[in-house]
Every structure is written in structure tokens, then in C-alpha cells.
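**Q** The structure's right below; bear with me while I get my questions together.
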Amino acid sequence: MGVHWFSGTVRGLAPRAVLDVVSAFLGLPIMDRPRGGYGYGSSAGVGGASVYWSPGRGDVFVVLPGEVCESLGVPALVALATELDLDPSSRLDLAWDVHGVAVAQVADAWRGGDVVTRAHRDSWQDHQSADGRTFYMGSRTSGRMVRVYDRRGPTRFEMEWKGERAVLLWRRLLACAEDGWSLEAMTELRAFLDFRDRSLGVRPDCCPLLDWWQAVTDGAGRSCTSIPRAARTLEDKREWLRSQVAPVLAMVADGVPDWTGELADLLADGRGRYRRRCDRVALVDVARLSWVNAAD
């Protein structure tokens, strides 16, 4: 396994100081550029690495693409990130080169339904070129995506993490010895997608792994790591009701006679269903308590 992309923000260091550190680690000179990028006004390069900044912003954005990460190797990449206090808060890609598995097997399993995945099943792309084939699973705009391709010899599985997911995984990897990185990251790959024989008609988690996927994952389990969601309030639900439900509700009310009675039945049914969920009851209890306090 190798790191194939690493990008994030440095705070508290001047752009030239960041460039000097990157230049020292890569052993290459700094090359100024005529324009910025990623929303920054200025940029400079060190080999394949790029550094972006804007006067007065106080942050510097660092992009280390695949060839830079591979040339550094994991120990030097960790040392560079440590010196800059840099997390992959924008993006982290990890890649595994495997033998004996074709891109076609992955694509056929995905499209045939032999997969358990957190991605939408229709969020895939299949690209064929003169250099080889690439099959994408998941959306580029989401926090996770996997691509499988054969443009460089062996089939490569490459997973892309973004934002908080990337940072959490990076910190977990830093807590491991380097020889444990592949297994640790593979648990996250399996949590996102798992290729299983779904022909048995049993629960997906009870279906056996496809043989080729069993070989790829090499005994890795499935991570249970989740991103905590911000606490929701009853006002959040009311806003969602106004923005998303109200137009449909009004349309039905305008087209259905005696809507008052049907609305009462709808509320009675919904009341019975939400009361089975402790978290939803808690939202109502908190709201009631605030009303009582306001009345006092």
C-alpha cells in the first residue's frame, strides 16, 4: 500500500517557510508561478508539489500528488507532515497494487449487485482508453470514492478520502507501525464497499466474500468508525418541514376533498411512529421544557 495523494492546510507558518520545508524534503528548488489556484491568489511549486496562499489569509494550502508521495515514501511523508503540522484535511488517497484481479471483475460485481456499499449504486463510471480501463465507484463530491484501474501494469485499487474522514484515517495510521498501515486502511475500504456473493438470498452481511475480494482484503475486518453528526433540534425539523414538505402538503390539500380529516389521520400515524424513536421523543421533550421555562 502507498499514499497516492495528500493535501491540506498549514496554519501559523509563512508561505516561504512552508516552501523551504517542502524544498528541503524533496531536495528540489522552489519555482514561482504566475498565478494561484484552489481559491488562492499565489502559488509556487517544488517538483510536483504545489503550495498556494493569499496575502492576509493566514493559511497555506499544500498539495502533494501521487508521484511526490511515492518519491518521499511513508517515513519521509510523515516527517514532512509532522514538521508542518499538516493533516490531509482536504484529501488523502491510498493505493493498493494487486495481481490476479481484473478491472472487469470489479465492474461486473458492482453492476451485478454483488456488493454492499455506502455509495449510491448508480454512482459509477467506466472509462476505457488506449492506456487501459478505469472503473469509478462513488461520487467525487462525496467524502469517499474508489477507483480501480490497470493503466500501470497491475490492477490498482485507489481510495480517496476527503475532509474529516481523511484526517481521522491519517491519525489512525500514525498510531500504527508502518507495516500495519495497509491492514488498517483496508478496514476503511471494506466499510465503504464490500464485494459479496448476493445470490444466496440471505442478509448482505451474512453473504460470503467473493473469492478475489477475499484475496485482496487479506483478512482485514470492517471499520466501525463513523463521523459524529451535529445535534439536531426541533427547529431544524421545522425548517426542513417548511422548505421541503410544505409545497407538497399544499398541493395535496388543494387537490384532495376533505383534507382536514386526512391530515388528522396523517398526524396520528406519524405520532405513533416517531414515539418509537427515543431520539425523536427527546427532541420534543427539550422543546416542551423550553416552552415551560419561557412561560415562567
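The values are calculated or read from the model by the stated rules, or taken from the named source; none is laboratory data. In this text, all values refer to a predicted model and were calculated from it rather than measured experimentally. Ideal geometry is used to build each Cβ from the backbone, glycine not excepted, and the neighbour counts take in all protein chains shown. Just the protein is used for accessible areas: all its heavy atoms, side chains included, with ligands, DNA and RNA removed. Shrake-Rupley method; radii C 1.70, N 1.55, O 1.52, S 1.80 Å.
**Q** Suppose every K and R has +1 on its Cβ and every D and E has -1 on its Cβ; what is the size of the dipole of segment 1-71 about the Cα centre, in Debye to the nearest 20? Each step should come with its number before you reach the end.
**A** Numbers: 5 positive and 5 negative charges, 54 e Å.
That gives a dipole near 260 debye.
**Q** A further question follows. Scan around ARG91 for amide H atoms under 5 Å from its own, H built in the peptide plane at 1.01 Å from N, and keep only partners 5 or more places away or cross-chain.
**A** The list, which skips near neighbours in sequence, is SER7, GLY163.
**Q** Let me ask something else about it. When the Karplus curve 6.51 cos²θ - 1.76 cosθ + 1.60 is applied with θ = phi - 60°, which whole-Hz ³J(HN,Hα) does each residue of segment 7-12 get, with x for Gly and Pro?
**A** Karplus-based 3J(HN,Hα) across segment 7-12 equals 8, x, 10, 9, 10, x Hz.
**Q** Shifting gears a bit: Near the amide H of SER123, under 5 Å away, which other amide H atoms are found, from residues 5 or more places off or on another chain, if H is placed in the peptide plane?
**A** HN-HN under 5 Å from SER123: GLY138.
**Q** For segment 1-52 and segment 53-107, what is the separation of their Cα centres, given in Å?
**A** If we compute the Cα centre of each part, the gap is 13 Å.
**Q** Also, I was wondering about something else. Across 5 Å bins from 0, what is the distribution of all Cα-Cα pair distances for the chain, in whole percents?
**A** So the P(r) values, bin by bin, are 1, 4, 9, 11, 12, 11, 11, 10, 9, 8, 6, 4, 2, 1, 0, 0.
**Q** Separate question: Solvent-accessible area of ASP265, probe 1.4 Å, all protein chains present, reported in Å² to the nearest ten, please.
**A** 110 Å²
**Q** Trypsin sites (Lys or Arg not before Pro) within segment 13-78: which are DSSP loop residues with at most 12 other Cβ atoms inside 10 Å?
**A** On the way: sites: ARG16, ARG35, ARG57; in loops: ARG35, ARG57.
Taking segment 13-78 and a limit of 12 other Cβ atoms within 10 Å, the loop trypsin sites (Lys or Arg not before Pro) found are ARG35.
**Q** Now for a different question. I'd like the Karplus ³J(HN,Hα) series for segment 188-199: coefficients 6.51, -1.76, 1.60, θ = phi - 60°, whole numbers in Hz, and an x wherever there's a Gly or Pro.
**A** These are the phi-based 3J(HN,Hα) values: 6, 4, 5, 5, 7, 8, 9, 8, 9, 7, 8, 7 Hz.
**Q** Ignoring ligands, DNA and RNA, how do HIS99, HIS127 rank by accessible area with a 1.4 Å probe, largest first?
**A** Details: HIS99 155, HIS127 90 Å².
Of HIS99, HIS127, the descending order of accessible area is HIS99, HIS127.
**Q** Could you give me the ³J(HN,Hα) list for segment 146-157, computed from phi with Karplus coefficients 6.51, -1.76, 1.60 and θ = phi - 60°, whole Hz, x at Gly and Pro?
**A** With coefficients 6.51, -1.76 and 1.60, one gets 10, 10, 10, 8, 10, 6, 10, x, x, 5, 10, 8 Hz.
**Q** Report the accessible area of LEU267, computed with a 1.4 Å probe over the heavy atoms of all protein chains in place, in Å² rounded to the nearest 10.
**A** It works out to around 90 Å².
**Q** In what order, largest first, do TYR274, TYR52 sit by accessible area if the probe radius is 1.4 Å? Spell out each step's value before the answer.
**A** Values: TYR274 55, TYR52 25 Å².
Listed by decreasing accessible area, they come as TYR274, TYR52.
**Q** Order CYS176, CYS207, most accessible first, counting only protein heavy atoms with a 1.4 angstrom probe.
**A** Working: CYS176 45, CYS207 5 Å².
Most to least solvent-accessible, the answer reads CYS176, CYS207.
**Q** Now for a separate question. Could you give the angle, 0 to 90 degrees to the nearest 10, between helix 246-255's Cα long axis and the longest principal axis of the Cα atoms of the chain?
**A** 40 degrees
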